[in-house]
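Before any comments, here is the structure.
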Amino acid sequence: MASHIAGYPRMGPKRELKFALESFWDGKSSAEDLQKVAAELRSSIWKQMSDAGIKYIPSNTFSYYDQVLDTTALLGAVPERYNWNGGEIGFDTYFSMARGNASVPAMEMTKWFDTNYHFIVPELGPHTKFSYASHKAVSEYKEAKALGIDTVPVLIGPVTYLLLSKPAKGVQKTFPLLSLLDHILPIYKEVIADLKAAGASWIQFDEPTLVKDLDSHQLEAFTKAYSDLESTLSGLNVVVETYFADVPTEAYKTITALNAVTGFGFDFVRGTKTLDVIKNVGFPSGKYLFAGVVDGRNIWANDLAASLSTLQALENIVGKDKLVVSTSSSLLHTAVDLVNETKLDGEIKSWLAFAAQKVVEVNALAKALAGEKDEAFFSANAAAQASRKSSPRVTNPEVQKAAAALKGSDHRRETNVSARLDAQQKKLNLPILPTTTIGSFPQTIELRRVRREYKAKKISEEEYVNAIKEEINKVVKLQEELDIDVLVHGEPERNDMVEYFGEQLSGFAFTVNGWVQSYGSRCVKPPIIYGDVSRPKAMTVFWSSVAQSMTSRPMKGMLTGPVTILNWSFVRNDQPRFETCYQIALAIKQEVEDLEAAGITVIQIDEAALREGLPLRKSEEAFYLDWAVHSFRITNCGVKDTTQIHTHMCYSNFNDIIHSIIDMDADVITIENSRSDEKLLSVFREGVKYGAGIGPGVYDIHSPRIPSTEEIADRIRKMLAVLETNILWVNPDCGLKTRKYAEVKPALTNMVAAAKQLRTEL
Ligand code: GLN
Ligand code: ZN
């Protein structure tokens, strides 16, 4: 019985690659230094999998930045602006594409399916010249071989590559990218031939787009591609790997009919219908099934007994020697190694498995199927599963009851939004085009030091509170000087908008090294939601009250919404996501009500990540949006008409979900907009009625550039052409925490000046 790992994190257990990359980019170390760190990481990962007993060990899943960019390099598809002269692509060109350089901006980055990993979007067109320009796949294969480890080289499949790319600048938006298949397949043939010559016996093609809603034309591309590659692939075993959802029946039929392919990888964690599809449609005889039963997207220990029974069901269909135990996806999306978690509570730790532990689980399952069950390992696992089910840390009957009682009810504020806005205006008495900001002000080195020292108990609570108060006072005074209408306290006490709340809620755990790559060298450390969520005490009321006491202007209370907390955490897998979300919503609801009682009249509940939770398939969108929007409404349905609820979102492409956004029923929404002006406003131009307050960002906070008054005024005029004067707010795109005061002060000065200028024109 064989075992397989679809891919592995590259950063290293302590983010070694991140530090090596950043030091190289800063010119503090050489290319050789970087290559050395990378080679050490690769070899230790291969050895670890080999020692664990894994049969099919991946290579070429390492990357200096991103595996899609690696494919772009493999194909020599470098956009013209990087002035690449052909030959093998080196660090210069590679990192210029990834990060831009002094004279050219980077390529676009976007989310990899529904993960928080971001890839570099290929830019292609009819004139793109392809050439075999990166031999990374072959050299990694050889590198492992030299260590005595025979690996399965992993390539992004040709169809997925094209379906994830976009037409280059100057190329028509309607350009059929799949028409480039004939141009890239010759390069794929070259690399396949190379790998074969180097001794590879298996190749893995990642084709995750197969889980999306594909039309027949797109499906035909798979048939075409793998038929074309068939003769080059002959003599090799080929696995087409899918992940993140089940493969729809039509797609399943298409790929299982491919001659050139000898193995198929499916996600049995998220692909809840896959087993049925296999039973109903059948599985091609003599081919391998790579059964992804160990979750690559989460940090929970596998329920080995449950997996074993799934595997046994599959074994009956495909045959004993054709079943391969695998991960549901690459392990790139989980944390690296639990051994480095020295601060986690022992019981909670027994419920977890990071990448290194998942490798061991995969192997244990394969051995069990082969009749060599490690009884001790299985019974320890069963005990951990049982403790998780019965632990009082997990279950809070009161919370369960309160969350269950929510179902079936709509949770809406009693009065409609226009009546509420009137009541609020009477109380707040704001000018037209009121100005505000999104929440955070610059996070200085000094502030970070204060928080760190307080956490490490190096300074007293009193010192800490005074330092933060002083900072809030500074931010309040600045906003008054700038003449902003609705103020914020600047969030100096917060490290991160999710962690800050997670640390104060029950049911959350935090890791020390549980980093997951987000893009390039950037990693995030999601909290772990392991139990029923409740709020032992108020979380923000103290700071908001302090801030409000410093000014007579309205001070926005600042909260992170339930959907965002959920989407940016590792979520428990023992109950549906929506149930966890409802529990968080109830905790935030208590906070909203406490803020209101403390005299805070404007409360912002950020839902920066609402869109990120959208499922991969259209048929599942409505259900998600329904409970996500419902969760948001739960948080604030109980407040008075005169309490103004704001929300904020960090993306502008919400044309497709605009009705859900309206259904959130917030009084005011501030949204990122300035990087794609027309996109957002076009919704309203096309006649969508929006009656609540709305503040499309008037300038981009991701850039150090200072926008002029005229430029901002122009933006506002464009907005006024499609939105009613009395609902428009003036604010930046997002929080200011990554900017410097030297940028923030002039930018906000110009923003307020632009708002004032327009007030005189109206
Ligand atoms: N209130 C948060 C801030 O200003 C919102 C951040 C976000 O939307 N990502 O920092
Ligand atoms: Zn934002």
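No value in this document is a laboratory result; all are computed from the given coordinates. Every value quoted in this text rests on a predicted model; they were computed, and no experiment measured them. Please note: Cβ atoms are built from the backbone with ideal geometry, for glycine as well, and neighbour counts cover all protein chains shown.
Structure summary
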{"item": "Cα-based shape type of the stretch 634-704, given that a ≥ b ≥ c are square roots of the gyration tensor eigenvalues and the cut on a/c is 1.5", "result": "oblate"}
{"item": "Proximal aspartates and glutamates relative to residue 740, as straight alpha-carbon distance under 12 Å, when same-chain residues fewer than 8 apart are discounted", "result": "none"}
{"item": "Cβ-defined net charge surrounding residue 550, 12 Å radius [Lys, Arg +1; Asp, Glu -1]", "result": "+1"}
{"item": "Spatial separation of Cα centroids for the stretch 229-301 and the stretch 727-746, in angstrom", "result": "48 Å"}
{"item": "Cα centroid of the stretch 9-67 to Cα centroid of the stretch 396-441, whole Å", "result": "47 Å"}
{"item": "Residue 682-residue 320 FRET efficiency (beta carbon distance; Förster radius 60 Å; 0.05 resolution)", "result": "0.60"}
{"item": "Rh by Kirkwood over Cα pairs, then Stokes-Einstein D for the stretch 212-273 at 1.567 mPa s and 4 °C, µm²/s", "result": "106 µm²/s"}
{"item": "Hypothetical label at residue 522: residues of the stretch 76-118 whose amide nitrogen lies under 17 Å (7 Å Cα-Cβ projection)", "result": "95-101, 105-118"}
{"item": "Rg/Rh for the stretch 43-165, where both radii come from Cα atoms and Rh is the Kirkwood radius", "result": "1.00"}
{"item": "R0 of 22 Å, Cβ-Cβ distance residue 249-residue 216: FRET efficiency to nearest 0.05", "result": "0.95"}
{"item": "Taking the convex hull of Cα positions in the stretch 418-471, its mean projected area over all directions (nm²)", "result": "6.0 nm²"}
{"item": "Rough spin-label spacing in nm, given labels placed 7 Å along Cα→Cβ, for residue 706 and residue 390", "result": "6.6 nm"}
{"item": "Translational D in µm²/s for the stretch 635-762 (Stokes-Einstein at 4 °C, 1.567 mPa s, Kirkwood Rh from C-alpha pairs)", "result": "85 µm²/s"}
{"item": "Principal axis box of the stretch 36-94, alpha-carbon based, largest edge first, Å", "result": "46, 22, 17"}
{"item": "Cβ-derived FRET efficiency at R0 22 Å, residue 343 paired with residue 573, nearest 0.05", "result": "0.45"}
{"item": "Two-decimal ratio, the stretch 572-703, of alpha-carbon radius of gyration to 2.2 N^0.38 Å", "result": "1.10"}
{"item": "Long pairs among 474/689; 55/136; 142/367, criterion Cα-Cα beyond 31 Å", "result": "474/689"}
{"item": "Extension gain from residue 193 to residue 512, taking 0.36 nm per residue of separation minus the Cα-Cα distance", "result": "110.5 nm"}
{"item": "Residue 597 paired with residue 224, simple spin-label distance in nm, labels 7 Å along Cα-to-beta-carbon", "result": "6.5 nm"}
{"item": "Selection from 619, 582, 602 lying farthest towards where the dipole of the stretch 567-625 points positive, charges on Cβ", "result": "619"}
{"item": "P(r) histogram, all alpha-carbon pairs of the stretch 330-463 included - 10 Å bins from 0, percent", "result": "8, 16, 18, 23, 20, 10, 4, 1"}
{"item": "Kirkwood hydrodynamic radius (C-alpha pairs) into Stokes-Einstein, the chain, 10 °C and 1.306 mPa s, D in µm²/s", "result": "57 µm²/s"}
{"item": "Mean projected area in nm² (Cα convex hull; one quarter of hull surface) for the stretch 412-524", "result": "11.6 nm²"}
{"item": "For q = 0.15, 0.16, 0.17 Å⁻¹, Debye-computed log10 I/I(0) when each Cα of the stretch 582-656 counts as one equal scatterer", "result": "-0.57, -0.64, -0.70"}
{"item": "Between 0 and 90°, nearest 10: helix 181-198 axis offset from the chain longest Cα axis", "result": "50 degrees"}
{"item": "Computed [θ] at 222 nm, helices only, for the chain once each DSSP H run of length n ≥ 4 contributes -39500 (n - 2.57)", "result": "-13000 deg cm²/dmol"}
{"item": "Cut-off 20 Å, label 7 Å out along Cα→Cβ of residue 32, residues of the stretch 90-108 by amide N", "result": "90-92"}
{"item": "Net dipole in debye of the chain [+1 Lys, Arg Cβ; -1 Asp, Glu Cβ; about Cα centre; nearest 20]", "result": "500 debye"}
{"item": "With Cα atoms, 0 to 90° folded angle of helix 461-482 axis to the chain main axis", "result": "70 degrees"}
{"item": "Cα-projected label distance for residue 40 with residue 470, points at 7 Å along beta-carbon direction, nm", "result": "4.1 nm"}
{"item": "Cα-derived Rg to Rh of the stretch 289-395, Kirkwood definition", "result": "0.98"}
{"item": "Whether the stretch 137-288 is rounded, prolate or oblate, judged on the alpha carbon gyration tensor where a/c under 1.5 counts as rounded", "result": "oblate"}
{"item": "Share of Cα-Cα pairs in the stretch 276-316 lying beyond 11 Å, as whole percent", "result": "72 percent"}
{"item": "Nearest 10 degrees, 0 to 90: helix 577-597 Cα axis against the chain principal axis", "result": "20 degrees"}
{"item": "For the stretch 11-58, with +1 on Lys and Arg beta carbons and -1 on Asp and Glu, the positive-most of 41, 12, 58 along the dipole", "result": "58"}
